[in-house]
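Data block below; observations after.
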Amino acid sequence: MRKTFILLGLITVLFSACNNKETADIVFKNGTIYTVDNQQSMAEAVAVKDGMILAIGSSKDISAYEGRETEVIDLAGKTMTPGFIESHGHLMGIGYNKLELDLMHVKTYDELVEKVAEAVEKAEPGDWITGRGWHQSKWIETPDKVVKGFQTHEQMSAVSPDNPVYLRHASGHATFANAKAMELAGVNRLSIESLSSEVEGGEIIKDELGNPTGVFTERASSLVGKLVPRDTEERAELALEMAIKECLEKGITSFHDAGSGQAFIDRLQKFKAEGKLGIRMYTMLTGRQPELLEEWYKRGPMIDPDHFVTVRSIKLNCDGALGPRGAWLLEPYTDRPDHVGHETLPMETVTTVSEKGLEHGFQVCSHAIGDRANREILDRYEGAFQKYPDRTDHRFRIEHAQHLHPDDIPRFGQLGVIAAMQAIHMSSDRPWAIQRLGKLRIKQGAYVWQKLLQSGATIINGTDAPVEPVDQIPSFYASVTRKTLAGLPEGGYEPDQAMSRYEALRSFTIDGAFGEFEEDFKGSIEVGKAADFTVFDKDIMTIPEMEILDTKVAMTIVAGKVAYDAGL
C-alpha cells in the first residue's frame, strides 16, 4: 500500500527521553531522511550518541545537540535510509571471488576458456584453478557442442592439460571440471555407474556415448570438489577482509550469512575482538554438518549483546537452482520433459531439524526454489508448528521461494513463514526462466511478491551474493520495475507483482531486521535504535526508475561511525 511520507520537524521534533541538552557524538543534517518508522516519517537531521540514535528532526532543531566535540556531517541534500540489510548472501564467497577466477561477467564459453588459459599461464603444473560465476543461460551465444543445455569440457581441457580446473556455477548448484580434474577424481565412462550411489541428489551430465561432459549438478559436484585443496586460514582471513570492505562500499550494514560452519563463526569473533568486523553478522549454521547442529542444540543460540555476531538459525539446502535444472518441481521442466530437478536433502531431515529448532530456540531457513521443494518444506514446517504450538515466534524462513504453486502462496502468511527473496534474481533469470517453467507457471507463481505480501507474508530482500553482485541498488531497482538491468521489457515482467518503493525499502531494512529478530534494535531510524545508516547520492524513492541504477552509495554508517565514505 502506497502512503504519503510525513515530514518531521515542521511542528515538533522527536527527542529521546534524556535531557534535550545532551550533546551528540555526531550529527547528520540537511538530508532527505526516510526513517521507515510506522508513520513513514521523513526528517532532515539525526543526532547520534554512543552508537545509538539520540534525536531526529529538522536540521535547525537537531543543532541543539551539537557541542564542541560533536562531529557535524552536512548531507547536502543526499538521501539517508536505515542501513541496508543483506538478508541472504555468502560472505566468504564474496571474498573468494576476488581471489579466484571471477566468471560472473563472462558472456561466452570462449571467454571462459580464455580466462582459464590466462590462469594456466600463471600457475605451476598441477596447481588447481578454481573460480565461480559462469551461467550458460546468460551467455550471448551457444557453444558449438551442448549436452542437456550445458557446454562440454574438451575446449577448456585443451588449454589446461596439466592443471585440474574446477569452476562453480553462478548459482552454486553446479560445477564444471576439466579432463585433468576428472582423471584425478576417477570419473570416466566406465566409472559413472559405480558412482551413482555417491551422487544421489545430483547428476553427472553425460554425452550420447556415456562420457562425462565435465558438468556436475548438485551433490555430484562433490566427486571433484572434495579433491580441491583446503584453504589456509591466512587466505580465508584475507577473503573475509575483502568481503567486508565490499559490503561497506555497497551500503550494507548487516549481513545474513546463509550457511556456514564453526570455523567461519570463530573467524567472525576474532575479527570482532580485533575491531575488524565492520558489519553486523547474522549467521545460519550449515545443515550440511549434522554433528555441528547437535553441538549447537546442546549449547543453544548465541545472541550477541553487542549485536555483531549472532548465531540463532540453521540453513538447510533442500533443492537446486533453475539454471542447472536442479530446482525440485511438481511437474517436469518445460525444456527437459524427463526431469523434475533434485531433492538435495531428505525431507525427513527438514522435519527433524524443524522440530529440534523449535525445541532449542533456533530459526530454520530452508533453501527452496522449485514449487515441489517449497510445498514439501511448508508441509514440514506446518507439522513442526503443530507439534510445538507454544513456540509462536519462530520466524522460520524459506530462502528464495522463487517458484510457488498457487495453492501454496497463501500458506506463507497463514503459517508466518518469511519469504527471503532476492529481487535481482527476477531481473537476471526471468528472460530465460520461462524456458524452464513455461508461461503458465511463470505467471502463476514465479517471483510473486505482491501475492505473498497480500497473503500477509513478510518479504526480506538481498542479492544471494556471490550468485549476483552484492550491490543492493540493482536489486532495489528490480523490486520496483520488474525489468532487466537493460530496462527491458517496457512495463516490466508481470508488473502487477512489483513492489512499491516503500515496500522495497522495508524489505531491505526493517523487514530484514525482523528476519533476524532485531526489529526493535535496528532497521528504522528511530530514537533509541542503532545508528546504522546508508546514504545515497540520489533519492531512490522519487527519481525516475532508470536513474536508480545510476545511484551511488555516498556513505555507510555502522553504530554511529562512518565506515565508508565515497567522498561524494
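The values are calculated or read from the model by the stated rules, or taken from the named source; none is laboratory data. Here the structure is a predicted model, which means the values were calculated and not measured. Cβ coordinates were reconstructed from backbone atoms using ideal geometry, including for glycine residues, and neighbour counts include every protein chain displayed.
State all residues of the range 184-209 that are more than 31 Å from the chain's Cα centre (by Cα) and under 26 Å from His135 (Cβ atoms); if no residue qualifies, say none.
Pass one, the range 184-209, residues more than 31 Å from the chain's Cα centre (by Cα): 184-197, 206-209.
Within the range 184-209, Leu184, Ala185, Val187, Ile192, Leu195, Lys206, Asp207, Glu208 qualify.
List pairs: first residue in the range 133-162 and in the same structural domain as Leu322 (by TED's automatic domain parsing), second residue surrounded by fewer than 20 Cβ atoms within 10 Å (Cβ to Cβ) anywhere in the structure, Cβ distance under 9 angstrom, at least six positions apart or on different chains.
none
Given Ala236, Ala258, which one is outside the structural domain of Ala465 (by TED's automatic domain parsing) and in a strand (DSSP E or B)?
Checking each option against the conditions leaves just Ala258.
State which residue is farthest from Arg441 (Cα to Cα) when the search covers only the range 350-370 and only residues that are under 23 Å from the mean Cα position of the chain (by Cα) and in a helix (DSSP H, G or I).
Here the residue is Gly357.
Kindly indicate whether Ala321 is at pLDDT below 95 and aliphatic (A, V, I, L, M).
Against the criterion (at pLDDT below 95 and aliphatic (A, V, I, L, M)), Ala321 qualifies.
Return yes or no: is Val364 among the β-branched types (Val, Ile, Thr), in contact with a Leu (Cβ under 8 Å, 6 or more places away or on another chain) and more than 22 Å from Glu86 (Cα to Cα)?
Judged against the criteria, Val364 is not a match.
Residues in the range 138-148: is at least one under 25 Å from the mean Cα position of the chain (by Cα) and crowded, with 22+ Cβ neighbours inside 10 Å?
Of all residues in the range 138-148, those under 25 Å from the mean Cα position of the chain (by Cα) come to 138-139.
Checking which are crowded, with 22+ Cβ neighbours inside 10 Å leaves us with none.
Checked against the condition, which is being under 25 Å from the mean Cα position of the chain (by Cα) and crowded, with 22+ Cβ neighbours inside 10 Å, the range 138-148 yields no hits at all.
Suppose we keep only residues that are of a type in the set (Val, Ile, Thr) and farther than 20 Å from Phe396 by Cα within the range 410-459. Which one would you say is surrounded by the fewest Cβ atoms within 10 Å (Cβ to Cβ)?
It comes out as Ile434.
Can you tell me which residue in the range 390-405 is surrounded by the fewest Cβ atoms within 10 Å (Cβ to Cβ), limited to those that are farther than 16 Å from Val353 by Cα and not hydrophobic (A, V, I, L, M, F, W, C)?
Asp390
Please find, among Gly413, Gly456, the residue that is touching a helix residue (DSSP H, G or I) at 6+ places or on another chain (Cβ under 8 Å) and part of a loop (DSSP other than H, G, I, E, B). It would help to see each step written out before you state the result.
Working: Gly413 fails: part of a loop (DSSP other than H, G, I, E, B).
Of the residues listed, the single one that is touching a helix residue (DSSP H, G or I) at 6+ places or on another chain (Cβ under 8 Å) and part of a loop (DSSP other than H, G, I, E, B) is Gly456.
Residue by residue, here is whether (1) within 29 Å of Leu568 (Cα to Cα); (2) charged (D, E, K, R); (3) not in a loop (DSSP other than H, G, I, E, B) holds:
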position: Thr484; (1), (2), (3): yes, no, no
position: Pro489; (1), (2), (3): no, no, no
position: Leu505; (1), (2), (3): yes, no, yes
position: Ala513; (1), (2), (3): yes, no, yes
position: Gly523; (1), (2), (3): yes, no, no
position: Val527; (1), (2), (3): yes, no, no
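Does Ala384 qualify as being farther than 27 Å from Leu485 by Cα, of a type outside the set (Lys, Arg) and part of a helix (DSSP H, G or I)?
Taking the combined requirement at face value, the residue satisfies it.
Regarding the range 243-252, can at least one residue be identified that is under 23 Å from the mean Cα position of the chain (by Cα), farther than 21 Å from Phe396 by Cβ and in a loop (DSSP other than H, G, I, E, B)?
The answer is yes, given that some residue of the range 243-252 is under 23 Å from the mean Cα position of the chain (by Cα), farther than 21 Å from Phe396 by Cβ and in a loop (DSSP other than H, G, I, E, B).
So, of the residues in the range 463-498 that are under 20 Å from the mean Cα position of the chain (by Cα) and at positive phi, which turns out to be surrounded by the most Cβ atoms within 10 Å (Cβ to Cβ)? Step through it out loud before you land on a result.
Our first condition is that a residue be under 20 Å from the mean Cα position of the chain (by Cα); within the range 463-498, this holds for 463-485, 498.
Right, trim to at positive phi and you get 464, 482.
Details: Asp464: 27, Arg482: 23.
Only one residue fits best here, namely Asp464.
Take Arg267 and decide whether it is over 30 Å from Val215 (Cα atoms), of a type in the set (D, E, K, R), part of a strand (DSSP E or B) and at pLDDT 95 or above.
It is false that Arg267 is over 30 Å from Val215 (Cα atoms), of a type in the set (D, E, K, R), part of a strand (DSSP E or B) and at pLDDT 95 or above.
With the condition being within 19 Å of Asp429 (Cβ to Cβ), I'd like the strands (runs of 3 or more DSSP E) fully within the range 48-158 carrying at least 1 qualifying residues.
Values: elements: 52-57, 71-74, 79-82, 84-89, 129-134.
By residue number, 84-89, 129-134.
Would you be able to say whether some residue in the range 328-343 is buried (at least 22 other Cβ atoms within 10 Å of the Cβ), free of Cβ contacts under 8 Å to residues at least 40 places away in the same chain and either at positive phi or assigned to a loop (DSSP other than H, G, I, E, B) (or both)?
yes
Working only within the range 37-72, note down all residues that are among the hydrophobic types (A, V, I, L, M, F, W, C) and surrounded by fewer than 24 Cβ atoms within 10 Å (Cβ to Cβ). Can you show your working first?
Pass one, the range 37-72, residues among the hydrophobic types (A, V, I, L, M, F, W, C): 42-43, 45-48, 52-56, 62, 64, 72.
Selection gives Met42, Met52, Ala64, Val72.
When you look at Tyr381, is it in contact (Cβ under 8 Å) with a residue 24 or more places away in the chain, crowded, with 24+ Cβ neighbours inside 10 Å and of a type in the set (Phe, Trp, Tyr), yes or no?
So Tyr381 fits the description; yes.
Check the range 274-287 and report whether any residue there is assigned to a helix (DSSP H, G or I), without any contact (Cβ under 8 Å) to a residue 24 or more places away in the chain and farther than 19 Å from Lys356 by Cα.
no
Exactly one condition in (1) surrounded by fewer than 22 Cβ atoms within 10 Å (Cβ to Cβ); (2) in the same structural domain as Phe216 (by TED's automatic domain parsing); (3) not acidic (Asp, Glu) is not met by Lys98; state its number.
Of everything listed in (1) surrounded by fewer than 22 Cβ atoms within 10 Å (Cβ to Cβ); (2) in the same structural domain as Phe216 (by TED's automatic domain parsing); (3) not acidic (Asp, Glu), Lys98 misses just condition (2).
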